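Everything below concerns the one structure shown next.
The values are calculated or read from the model by the stated rules, or taken from the named source; none is laboratory data. This one's a predicted model, so the numbers in the text were calculated from it and none came from an experiment. Here the Cβ positions follow ideal geometry from the backbone for every residue, glycine too, while neighbour counts run over all protein chains shown. Side chains included, ligands, DNA and RNA excluded: accessible areas come from the protein's heavy atoms. Shrake-Rupley method; radii C 1.70, N 1.55, O 1.52, S 1.80 Å.
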Amino acid sequence: MLLGEYKHTVDEKGRIAVPVKFRSNVSSGAIITRGLDRCLFVFGLKEWEVLAQKLVALPLAQANSRAFSRLMLAGATDVKLDVQGRILVPDYLREYAQVKKHVVVAGVYSRFEIWDAELWNTYKSRTESASDEIAEKLGELGI
């Protein structure tokens, strides 16, 4: 279970430290890909396989299914922790997520996300200010 927010910096080679609490989930490798809301998703190999199977089962004839599959699968790459617990984030993914020097690594249960710190703060503020409305809509869904 991956939970919490952690602040880190990107080094000159594009490496980001994975929080110690998250490392066991990605110790045998991970997949990093474009996420939603301009962040990056990082999945352990088991979690990625579950998601990938769902993506390839989406109906090929539907444009939204093809677009989402492309977003997630074509942008994906495998990463390994180095001896200092860092992963190398490719340039194209850092550009997609607008990652600069400071990042937030956020655990969201079965994956963690990497956010540019400024984008995270904007997103978090907007979400927190709309929390009552969000809760009400989720309540309609039985959550």
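Looking at 45, 51, 60, just one residue is modelled with pLDDT under 95 and either within 16 Å of residue 109 (Cβ to Cβ) or of a type outside the set (Ser, Thr, Tyr) (or both), and that residue is 60.
Checked against (1) touching a helix residue (DSSP H, G or I) at 6+ places or on another chain (Cβ under 7 Å); (2) open to solvent by less than 70 Å² (accessible area, probe 1.4 Å), residue 11 passes all but a single condition, namely (1).
Results for (1) among the hydrophobic types (A, V, I, L, M, F, W, C); (2) within 15 Å of residue 86 (Cβ to Cβ); (3) surrounded by fewer than 13 Cβ atoms within 10 Å (Cβ to Cβ), shown as yes or no for each residue.
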residue	(1), (2), (3)
19	no, yes, no
27	no, yes, no
34	no, no, no
43	yes, no, no
46	no, no, yes
51	yes, no, no
55	yes, no, no
60	yes, no, yes
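Scanning segment 83-101 for residues that are more than 14 Å from residue 39 (Cα to Cα) and touching a residue at least 60 places away in the same chain (Cβ under 8 Å) gives 84, 85, 86, 87, 88, 101. Among the residues of segment 91-142, those identified as within 17 Å of residue 5 (Cβ to Cβ), in a helix (DSSP H, G or I), small (Gly, Ala, Ser) and open to solvent by 30 Å² or more (accessible area, probe 1.4 Å) are 125, 131. Residues of segment 30-82 that are in contact (Cβ under 8 Å) with a residue 24 or more places away in the chain and charged (D, E, K, R): 34, 37, 38, 47, 78, 80, 82.
Of all the numbered requirements in (1) within 20 Å of residue 7 (Cβ to Cβ); (2) open to solvent by less than 90 Å² (accessible area, probe 1.4 Å); (3) hydrophobic (A, V, I, L, M, F, W, C), residue 88 misses one, and that requirement is (2).
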